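These notes concern the structure reproduced below.
Nothing in this text is a laboratory measurement; each read-out follows from the coordinates by a stated rule. All values reported here derive from a predicted model rather than from experimental measurement. So basically every Cβ, Gly included, is an ideal-geometry build from the backbone, and we count neighbours across all protein chains shown.
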Amino acid sequence: MNTFLRLILLCCLLFSSCAFSQEPSQKEQQLEKLKSDISKLNAEMDTLKSEVRQLRNLIVIPSSSSSSNTLPEDTPSTSDKNSETGYWCTKSNKRHNSSCRYYKTSNGHPCGPKDGTECKLCGG
């Protein structure tokens, strides 16, 4: 957002500088400087967007694997039975089936077809 505000500020400076009477060479130099600043800010914004995407992926991936690592040792047999049913129950007690976009994408555990509250999207 800060980068976006800088971009707007630079555009305002560009348009306001055209109103002042300067020699054409000074205007052209200032215009070129502002264009280069804008291109740098656009590149920085693209970099930040890709970093945000990578961080979001890191948040989603470990959360589903960390929940399976925290299960007690005696429960794998029950979790295997529940995982075969194709249902996933989130910490908010919503049940998702295997065709749902939220299936195994958040912290939760395998569950049965009658556990938790059904998802409004997939009917869990």
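I need K40, K94 ordered by Cβ neighbour count within 10 Å, fewest first. All intermediate terms of the calculation are to be shown ahead of the outcome.
Numbers: K40 12, K94 20.
Exposure proxy ranking, most exposed first: K40, K94.
Would you kindly state how much longer the chain becomes between S99 and T3 on full extension, computed as 0.36 nm times their sequence separation minus their alpha carbon distance, in nm to one decimal?
Working: separation 96, 0.36 × 96 = 34.56 nm, distance 3.87 nm.
Full extension of this stretch gives 30.7 nm more.
Could you compute the net charge surrounding G108? Neighbours are other residues with a C-beta less than 13 Å from the C-beta of G108; K and R count +1, D and E count -1. List each step's numbers first, then the result.
Values: positive: K91, K94, R95, K104; negative: D115.
Net charge around G108: +3.
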